[in-house]
Amino acid sequence: MITYAKLFENAKKKLDLNQLEHRCIYLFLEDILKVDRTKIMLMRDEIVDDQVLERFSEMLADYIIDLKPIEYILGYTYFYGNKISVNEFVLIPRDETEELVEKALEYIKDEDKVLDLCTGSGAIAVALKKSRDNIKVVASDISKEALEVAKMNVKDNKVDVELVLGDLLEPFKGKDKFEVIVCNPPYISKDYVVNDIVKHEPSVALYADDNGLSNYERVIKDLKEILVVGGVLLLEIGFDQKDGVFGLCEKYLDNYEVNCYKDVNGNDRIVVIKLKEC
Ligand SMILES: C[S@@+](CC[C@H](N)C(=O)[O-])C[C@H]1O[C@@H](n2cnc3c(N)ncnc32)[C@H](O)[C@@H]1O
């Protein structure tokens, strides 16, 4: 029999030995006990129930031994204030992508038709539709399994988002045009070594050819076919990809305006391309 204080002490020691962060302790306990951390802090001298201890130990082992991301162990994360289910078929939405949502909301107007290209878990689409109920949101992905997760998140968050399976802009060519397109595609260069936790995320969500630029190239090349004149494409980019993406605009677009914005850490993160009248 151990108290919560002892459970914390033991868990911290194990995490320290493996140079892992402590934040999982509260997250796992909040999930198991269904109470918030303030309540857990007040339970220090209470004895930990056997079932709670067993479940907590399993979760901690998944994290420490298998190096599984905390969000996959829990089966959910929070993005832009919304609870988003995740599994090994989708990228875990990142904090910097919330900044992409913020930026997109600056451009989205009432009644706009908005595309979340490469939607994964659907986190961006859900955030946009929850923020602006009077827009039409379409979300697409090449992964059938990812779209299943997006479908669940759309339903659980009670929003109306149309989900489309397909390869980048292909499903929309000659059919649909959008006022705003938001896209966080795979953009990691194939020779970049990611850490052991990120390795659990699907390769299709992480890597792209040509130093990570291949998806940007395909989208920018065909952009005029699915973005209205005056419309805006917002791309999340890697910290060193601004020049590459600006070069692609130069190569494929005639009359446009392009700007790059930094994230809270001071890295180039969001490129906004506006198509102008020729
Ligand atoms: C970096 S993840 C972004 C997921 C989500 N939008 C987010 O920000 O958390 C990229 C997503 O693009 C999808 N993807 C990869 N190649 C694609 C393609 N050719 N066409 C459409 N989606 C693609 C992957 O399945 C993955 O869900």
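Stretch Met152-Leu74 to full length: gain in nm at 0.36 nm per residue minus the Cα-Cα span?
Length difference between fully extended and current span is 26.5 nm.
Find how many whole Å separate the alpha carbon centroid of the range 76-150 from the alpha carbon centroid of the range 210-272.
Between the Cα centre of the range 210-272 and that of the range 76-150, the gap is 19 Å.
Of all DSSP beta bridges located in the chain, what percent are antiparallel, nearest 5?
Percentage antiparallel, nearest 5: 45.
Excluding same-chain residues fewer than 8 positions from Lys242, which lysines have a Cα within less than 16 Å of its Cα?
Within the straight-line cut-off, Lys242 pairs with Lys251, Lys262, Lys274.
Can you pull the one-decimal nm distance between simple spin-label points at Glu102 and Asp210, each 7 Å off the Cα toward Cβ?
About 3.1 nm, to one decimal.
Among Asn134, Met1, Met43, whose Cα lies farthest out toward the positive end of the dipole of the chain, if unit charges sit on the beta carbon of Lys, Arg (+1) and Asp, Glu (-1)?
Positive-most Cα among the choices belongs to Asn134.
Simple spin-label model, 7 Å along Cα-to-Cβ: Lys14 to Glu257 in nm?
The modelled label-to-label distance comes out at 5.5 nm.
Just Ser131, Ser143, Ser85 to compare: in a GNM of the chain, with alpha carbon springs under 10 Å, which one fluctuates most?
Its mean-square fluctuation being the largest, the pick is Ser131.
Could you pull out every residue, at least 5 positions away or on a different chain, whose amide H is within less than 5 Å of the one on Phe178? Hs are placed 1.01 Å off N in the peptide plane, and Pro or chain starts have none.
Under 5 Å from the amide H of Phe178 lie the amide H atoms of Leu227, Val228, each far enough along the sequence or on another chain.
What is the dipole size for the chain, taken about its Cα centre, with +1 at each Lys and Arg Cβ and -1 at each Asp and Glu Cβ, in debye to the nearest 20?
360
Evaluate the relative contact order of the chain (contact order divided by residue number), counting alpha-carbon pairs under 8 angstrom at least 6 apart; express in whole percent.
Computed over the chain, the figure is 14 percent.
Mind listing the phi-derived Karplus ³J(HN,Hα) values for the range 86-99, rounded to whole Hz, using 6.51, -1.76 and 1.60 with θ = phi - 60°, and x for any glycine or proline?
Ordered by residue, 3J(HN,Hα) equals 9, 9, 5, 8, 10, 5, 6, x, 9, 4, 5, 6, 5, 5 Hz.
Any chance you could run the full-extension gain for Arg55 through Lys83? It's 0.36 nm times the residue separation minus the Cα-Cα distance, nm to one decimal.
In short, 7.9 nm is gained.
If I stretch the segment between Glu170 and Glu145 completely, what's the gain in nm (0.36 nm per residue apart, minus their alpha carbon distance), one decimal?
Gain on stretching Glu170 to Glu145: 7.1 nm.
For the residue pair Met1 and Lys177, what label-to-label distance in nm results when each label sits 7 Å from Cα along the Cα-to-beta-carbon direction?
In this crude spin-label approximation the distance works out to 7.3 nm.
Please name which of Val161, Ala146, Cys118 has its Cα lying farthest along the dipole of the range 105-171 towards the positive end, using unit charges on Cβ (Lys, Arg +1; Asp, Glu -1) and the Cα centre as origin.
Val161
Mean shadow of the range 4-66, computed from the convex hull of its alpha carbons, in nm²?
3.9
Show me, for the range 15-21, the HN-Hα J-couplings you get by feeding each phi into the Karplus relation (A = 6.51, B = -1.76, C = 1.60, θ = phi - 60°), rounded to Hz, glycine and proline as x.
So the Karplus estimates, Gly and Pro as x, are 5, 4, 4, 9, 6, 10, 5 Hz.
Which number do you get for Rg(Cα) / (2.2 N^0.38 Å) in the chain?
1.13
Return, ordered by residue number, the residues of the range 221-243 whose backbone nitrogen is under 20 Å from a label point located 7 Å along Cα→Cβ of Arg23.
Counting only backbone N, you get 239.
Rule-based calculations on the coordinates, nothing more; no lab input. Predicted model only: the values in this text are computed from it and were never measured. Note that we place each Cβ from the backbone using ideal geometry, even for glycine, and neighbour counts take in every protein chain shown.
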